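Some notes on the structure that comes next.
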Amino acid sequence: MTGSRRSPRGGLARLSRDIWKSRVIYMLVLPGLLWYALFVYAPMGGLTLAFKAYRANKGIMGSPWVGLANFQNVFRDPTFPKVIARTLWINLGRLCFEFPMPVLLALMLNEIRMPRCKKVMQTVMTFPNFLSWVVVSSVLTALLSMQGPLNSVIERLGGKAVPFLGNAKIFLPMLYVSSNWKSMGWSSIIYLAAIAGVDQEQYEAAEIDGASRMQRITRITLPNILPTVSVMLILAMGGIMSGGFDQIFNLSNAATKDVSEVLDIYIYRITFQSPPDFGFSMAISLFRSAVNLALLLIADRGAKMMGGSGLIG
Amino acid sequence: MKRTLSLAVAIAMAACMVLSLGVSALAEEKAYDKHLTISWAYAGISEGVDYEADAYGKYWADKFNVTFDIIPMTFDNWEERLRIWINSGDMPDVANWSFYQYGELVNYVDQELLYRLPDGWKDRWTNIASAQTYVPAAAMVEENMGGTYLLIRPVFSIHKPAEKLSYHTLLYMRKDWLTAVGAELKDTYTIDEVTDIARKIKAQDPGGLGGNLRPICIETTNMGGALPVNIFTHATQAPYYKDESGKYVWGPADPRTLEGLSIYKGWYDEGLQDPEFYTLEKSFGDQYRFYFEGNVGITTADGMAGRMRLFEIELAKIGLKYEDTVHIAQLVGNDGLYHHREQGNYWASQVFSPTIDQEKFERAMDVIDFSASLEGQEFINMGFKDVDWTVDESGAYANLLGETSLGEKYPSATAFFGGMLCLGDDFAFVSPGAAPEYRQAVSKFYALRDQLGKDPSTFLDIDWDIQYYSSPAMSQATMILADEYAKLILMDGDLEANWKNWVNEKMAVVQPVLDELNAKFAD
């Protein structure tokens, strides 16, 4: 037991030797590390704004410290707890109604026998991802308005026009449906890649054993891509307090404000729809990141406890 | 000898004149010998207009040797875009800024995010200085800030139609439908009368539009000027005000606000108001429906000659005649009184980037100064003298454009130059571009509002203490009341319960403001 321990100095020397030995490969990593240092870690200095009263003329570093005053202001706003609850609610809904869809789509695409048809389907399903939410929301607004085609059909069938855009109850389903339509194909690529890596001999053996197609999916494909699903779920948990700004901003209106103001929209409103207070906005952002990090760690630990693979350690 | 001497003197004088002309021409040329490109963000103008494609735009470009790099903004997002630019230090050279919130200006000045005009600028740009004297706020802001950081755009100058300035928005009603449903055509309508007419229009559908009929179509922001304000003025206008006890209170929490909201909700629930009014583009979306789609019975729009002319032009495109189709009137409360707050005689401002090049700043100021001169106003509003307009024997301006409007002849005219500093509302009183009946209508309604606004509890004075008060608590309590009210109207459940919950929620941020105001200004 003791013999297996190595002194830290010895480990460092060995690491240095390894790095030197593979220096050409490590050189390739350097631009990536630099990019990360410059554009990800260096801007984190801006997080100090959460504890400062920002003054543009003094810069981030020169602005005066105000301790926790910005956080006090955040928690004094009665809207804030509601926004937090709403953000969690919407994103938990996304986990339920959006997260499984690309997995299902990948499984279905994998079952298409004709390669050309499979490619066409995949292209068609991926294409909407490249449309911006501005475009998608314009189309949706036109489609769902009182004088839009959908209501025309309803009226022609003898029904009464429905105010889809102003119905707070329809807003969340509309978010999930439109988001699935737009992103499902793109998100399924990673699962298709995972499926492509499954050992084909397993399928051949199962076929010889007389396994049905559904059995092959549930007993071979799904278990094989489970580590990927697990990693994607952990990542999704890490973003549960954020995301969806473009979509919600473009689809919401006064009628749906009470169900649509998530944390990102709240930050935008505080920062740009009223006299800006960057310290206040940063305090909220920092709070959001802390919660996201906590959820990511919990999800990671949960995945490991259930025997899956985690992200960290 | 005498003749020779006279000739010599004449030649010498002529030479002097030519020389002086040449020198002045040279001086003028020299002033603008360097071509500059000035980026200028401007709200409410169309994208994709080539400002030098017609003679009007070319005149400006040539006169000042400038290329205007116009950045169009819509009224839906101009404040947000400018905030991003200003706060990120990425502001265009000049920007048309709303200046809705004084606290924001204080914030920007404090952070040196706006250019401070050099002391003594008023001596050099006298037309701008003169235009600023028509806006009481300009001097106050300058004094508070310790310098000039923005040029406030006056609505009226020499033709100010009333001492206490009212807000000009009017009802635009379908005259033919009103007649068809037997409604009386008159100059004022109370909220209840509008409700009654809308009900008749809905029931009788005089246009035969079926499901497309919109008896009332007023978008969210404009609704803020109709309800609940016409029941209780402080519901949106000057929401922080002193009650009888001399203490500051918050108007939206007053039960009279709920009374106004109940009528607003009634309009919506009964199907009188456009079912999707909250999705319409701010400020114009409702009137578009009136004149593009022709399916609206009652809307609101600017009560200015230019707007009436616009309605005339646009209605003609769908085969409707303005005089047969439009009846304009003033909306009043059920008490028959005018409800609003006095206007400060300004709308928006021009601000400069703190990093603007000195040459560009001076050139931009020259452009604005010209726009504020009589010559500039004549050109802006009427075009080229003796081509588009002239002066008749009586000394009045006469239109040479015929049936065409200035904007139709020169698309660049309406796109950018119109409201550079002085808004067109003032010149509209003498401009031959607008029909005399429109000009008379504008004057008539200003006089009418003056007459209906004698009660200071419905036609409020500006409380300058509040107008130019700023604090972090005030900033945190900033909200767009018109949007908040629309949300309440569209919310499921009982309006009163929803309103009470909303008031309780908002009081958490409003009470600190009231405490501050009462500590500083209460009687």
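Tabulated data for the structure shown
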read-out: Average partner coverage of B:274-281, which counts Cβ from other chains inside 10 Å; value: 6
read-out: Nonlocal amide H pairs with residue B:462, under 5 Å, H built at 1.01 Å; value: B:342
read-out: Residues with amide H under 5 Å from that of residue B:190, placed H, sequence gap 5 or more; value: B:332
read-out: Global geometry of region A:77-305, whether rounded, prolate or oblate, following the gyration tensor of its Cα atoms and the 1.5 cut on a/c; value: oblate
read-out: Shielding score for A:72-79, defined as the mean number of other chain Cβ atoms within 10 Å; value: 3
read-out: Karplus-derived 3J(HN,Hα), 6.51/-1.76/1.60, for each residue of region A:183-197, Hz, glycine and proline x; value: 10, 4, x, 5, 5, 6, 4, 5, 6, 4, 5, 5, 5, 4, x
read-out: Proximal charge balance of residue A:208 [Cβ under 12 Å; K/R count +1, D/E count -1]; value: -3
read-out: Under 16 Å from the residue B:430 label point (7 Å along Cα→beta-carbon), backbone N, region B:360-397; value: B:371-383, B:385-386, B:389-397
read-out: About the Cα centre, charge dipole magnitude for the protein assembly as shown (Lys/Arg +1, Asp/Glu -1 at Cβ), debye; value: 3860
read-out: Charge sum, other residues only, whose C-beta stays under 10 Å from residue B:157's C-beta, Lys/Arg counted +1 and Asp/Glu -1; value: -1
read-out: For chain B, size of Cβ-based charge dipole, Lys and Arg +1, Asp and Glu -1, in debye; value: 920
read-out: Sparsely packed trypsin sites (Lys or Arg not before Pro) within region A:144-180, loop by DSSP, other Cβ within 10 Å at most 10; value: A:160
read-out: Stretchable slack from residue A:289 to residue A:76, in nm (0.36 nm times residue separation minus alpha-carbon distance); value: 74.7 nm
read-out: Calculated from backbone phi, Karplus (6.51, -1.76, 1.60) coupling profile of region A:62-67 in Hz, x at Gly/Pro; value: x, 5, x, 6, 10, x
read-out: Exercise: per-residue mean of other protein chain Cβ atoms within 10 Å, A:247-256; value: 4
read-out: Estimated distance in nm for a label pair at residue B:98 and residue A:297, the labels positioned 7 Å out from Cα along Cα-to-Cβ; value: 4.2
read-out: R0 of 60 Å, Cβ-Cβ distance residue A:200-residue A:61: FRET efficiency to nearest 0.05; value: 0.55
read-out: For the protein assembly as shown, calculated [θ]222 nm from helices alone, where every DSSP H run of n ≥ 4 adds -39500 (n - 2.57); value: -16000 deg cm²/dmol
read-out: Estimated vicinal HN-Hα couplings, Hz - region B:39-44 in sequence order (Karplus 6.51, -1.76, 1.60; Gly, Pro = x); value: 7, 9, 8, 9, 8, x
read-out: Rel. contact order, % - alpha carbon contacts under 8 angstrom, at least six apart, chain A; value: 25
read-out: Amide H contacts under 5 Å for residue B:300, placed H, 5+ residues apart; value: B:172
read-out: Prolate/oblate/rounded label for the protein assembly as shown (Cα gyration tensor, a/c 1.5); value: prolate
read-out: Estimated inter-spin distance, residue B:343 and residue B:184, nm [label 7 Å along Cα→Cβ]; value: 2.8
read-out: Between region A:83-139 and region B:172-245, the alpha-carbon center distance in angstrom; value: 45
read-out: Region A:22-121: C-alpha gyration tensor shape, a/c 1.5 cut-off, then a/b vs b/c; value: oblate
read-out: Cross-link partners of residue B:444 among aspartates and glutamates (Cα-Cα below 13 Å; sequence separation of 8 or more within a chain); value: B:187
read-out: Given chain B, longest segment not containing exposed loop GluC sites (Glu not before Pro) (DSSP; at most 11 other Cβ within 10 Å); value: B:245-392
read-out: Cα-based reach from residue B:360 at 16 Å (exclusive), listing lysines while leaving out same-chain residues under 8 positions away; value: B:30, B:34, B:63
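Coordinate-derived values only; no laboratory data. From a predicted model like this one, the values you see are computed outputs, not experimental measurements. A quick note on method: Cβ atoms are made from the backbone with ideal geometry, for glycine too, and the neighbour counts reach across all protein chains shown.
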